[in-house]
């Protein structure tokens, strides 16, 4: 993995999906929250490009990021969608794709088992892969828009990983 300055941040799949599902600025029914999410993720990627932040995500994300919402709504696959995904996910200057190793799998299973008996809703196996990947590969924070996963922030079953909505230190001017 490249040695970058700054924070090591793990991005959950839903963060990438929000980025790729950017609403059109010309759409009069624009969802302001979706647009703001896109802007924050773009700023995170720019921080990574400037070596201010190291961004990790699992190779599993490449499976989960399979289509955009417009393709689902029109029931037709667009020819350039995969290229758009891969231009970000395969760009090593932006994203460090980490493997689901034996160590990650064992940690994910441990997370599923430990959260199963907790008072907060348990973590599903696919989310446990992301949490375990973040922990095993040294991230200090996991960014997600999954409210169920955010409820695990600060809980002992997740060790010392901050789980929260994405943010940037400097708000973008655009």
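The values are calculated or read from the model by the stated rules, or taken from the named source; none is laboratory data. Remember, it's a predicted structure, so these values are computed and weren't measured experimentally. All Cβ positions, even for glycine, are placed from backbone atoms using ideal geometry, and neighbour counts span all protein chains on display.
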**Request:** Scan 109, 84, 113 and give me the residue that is surrounded by fewer than 19 Cβ atoms within 10 Å (Cβ to Cβ), modelled with pLDDT of 90 or more and farther than 29 Å from residue 157 by Cβ.
**Result:** 84
**Asked** Name the pairs whose Cβ atoms lie under 9 Å apart, with the first residue in segment 78-91 and over 12 Å from residue 65 (Cα atoms), the second in a loop (DSSP other than H, G, I, E, B) and modelled with pLDDT under 95, and 6 or more positions between them or separate chains?
**Response** 78/67; 78/68
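Among what's in segment 59-76 and is out of contact with any helix residue (DSSP H, G or I) (no Cβ under 7 Å at 6 or more places or on another chain) and not in a loop (DSSP other than H, G, I, E, B), pick the residue that is nearest to residue 91 (Cα to Cα).
59
Name the residue that is modelled with the lowest pLDDT, counting only residues in segment 136-157 that are outside any loop (DSSP other than H, G, I, E, B) and out of contact with any helix residue (DSSP H, G or I) (no Cβ under 6 Å at 6 or more places or on another chain).
Within segment 136-157, the match that is modelled with the lowest pLDDT is 156.
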**Complete:** Only one of 40, 120 is in contact (Cβ under 8 Å) with a residue 60 or more places away in the chain, within 23 Å of residue 165 (Cβ to Cβ) and not in a strand (DSSP E or B), namely 40
